[in-house]
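A short worksheet on the structure shown next.
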Amino acid sequence: MKKDLNEDLIKDHHPEVIRKRLSLEPKRQNISDAVLGGIDGCITTFAVVSGSVGAGFPSSVAVILGFANLIADGFSMAVSNYESSKTEQEYIESIKKAEEMHIDQIPEGEREEIRQIFEAKGFSEELLEKIVDTITADKKIWLDVMLAEEHGLGKSSPKPAISAGVTFVAFVSVGTIPLMPYVLPSLDMNQQFAASALLAAAMFFLIGMLKSYALEKPVFLSGLRTLLTGGAAAALAYFTAHFLREVFNIAIG
């Protein structure tokens with residue numbers, strides 16, 4: 001296995017493969033959007049289910065509140081993610097325009113910034129001046145270097161619509177799972193809640209595992225951590241609803 005891995009790494013670092021890879025636009029990952037949407041979707045609906053059971057509400061109330069919150073919160077989260085990504089995109093564009101203006105209007109000042117950036121990296125004298133001349137000879141390269149080195153911005157730009165779409169789909173698709181037992185009339189209320197809890201736990205654990213698998217992190221621990229986070233949120237909803245029902249002496253049924 002280790003030998004195969006080394007061979008793959010050697011192939012991936014062949015000059016032609018490197019050249020081809022670097023010529024492509026950097027890929028923007030949407031794992032964080034999917035994980036955020038999936039976890040929040042599952043927490044939202046199962047928290048509603050737990051709260052309904054804790055308050056003593058019938059199954060029909062859990063279904064109605066669950067789906068209503070699923071759609072409304074999913075839309076709200078997608079819009080929020082869109083606006084966040086859009087703001088980030090606009091910020092990057094504003095920095096880019098400002099740097100373009102600086103290069104056009106005060107090129108010597110921008111050259112000096114390039115010089116000091118690479119001087120801080122250990123370059124000096126003739127080699128430093130050659131680096132400065134090479135970078136500033138191409139405006140696109142010059143701009144990319146300034147964005148990366150001075151502002152810490154990469155080539156990849158946020159795509160608000162994609163981020164929002166991924167968040168919404170993950171939120172609704174995962175958030176629907178804990179509600180499925182409540183549309184089965186053959187189960188009584190306790191069975192529905194138990195099945196919903198098992199499905200929610202499975203979703204939390206699976207999301208954590210998939211996230212870590214994609215990022216090459218310890219799979220089991222991440223799944224367990226996500227499960228505990230979701231379980232804690234559901235427990236808070238259950239006990240809060242149960243406590244408030246007792247405080248206000250609400251009789252159900």
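The values are calculated or read from the model by the stated rules, or taken from the named source; none is laboratory data. Quick caveat, the model's predicted, so the values are computed rather than measured. All Cβ positions, glycine included, derive from the backbone under ideal geometry; neighbour counts span all protein chains shown.
Quick look at the numbers
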| quantity | calculated |
| --- | --- |
| Criterion violated by LYS139 - all others in (1) over 30 Å from VAL79 (Cα atoms); (2) of a type outside the set (A, V, I, L, M); (3) in contact with a Gly (Cβ under 9 Å, 6 or more places away or on another chain) satisfied | (3) |
| Residue selected from the stretch 16-41 under the condition of a type in the set (Asp, Glu) and in a helix (DSSP H, G or I), by the criterion modelled with the lowest pLDDT | GLU16 |
| Filtered residue count, the stretch 158-205, keeping only those that are small (Gly, Ala, Ser) and more than 14 Å from THR44 (Cα to Cα) | 8 |
| Restricting the stretch 61-111 to residues that are basic (Lys, Arg) and surrounded by 13 or more Cβ atoms within 10 Å (Cβ to Cβ), the residue that is farthest from TYR182 (Cα to Cα) | ARG111 |
| Odd one out for ILE117, checked against (1) hydrophobic (A, V, I, L, M, F, W, C); (2) crowded, with 18+ Cβ neighbours inside 10 Å; (3) closer than 30 Å to ILE207 by Cα | (3) |
| Test: residue in the stretch 219-234 that is in contact with a Ser or Thr (Cβ under 6 Å, 6 or more places away or on another chain) and more than 24 Å from SER60 (Cβ to Cβ) | yes |
| Residue check, LYS97 of a type in the set (Lys, Arg), touching a Pro at 6+ places or on another chain (Cβ under 8 Å), in a helix (DSSP H, G or I) and farther than 22 Å from GLY175 by Cα | no |
| Options SER156, SER186: the member that is modelled with pLDDT under 90 and under 30 Å from GLU113 (Cα atoms) | SER156 |
| Residue in the stretch 120-153 that is nearest to GLN89 (Cα to Cα), counting only those that are under 37 Å from the mean Cα position of the chain (by Cα) and either of a type in the set (Ser, Thr, Tyr) or surrounded by fewer than 12 Cβ atoms within 10 Å (Cβ to Cβ) (or both) | GLY152 |
| Residue match in the stretch 180-190 (condition: over 24 Å from ILE71 (Cβ atoms), surrounded by 12 or more Cβ atoms within 10 Å (Cβ to Cβ) and of a type in the set (D, E, K, R)) | no |
| Of the criteria (1) over 30 Å from LEU227 (Cβ atoms); (2) hydrophobic (A, V, I, L, M, F, W, C); (3) touching a residue at least 12 places away in the same chain (Cβ under 8 Å); (4) surrounded by fewer than 19 Cβ atoms within 10 Å (Cβ to Cβ), which one ALA195 fails | (1) |
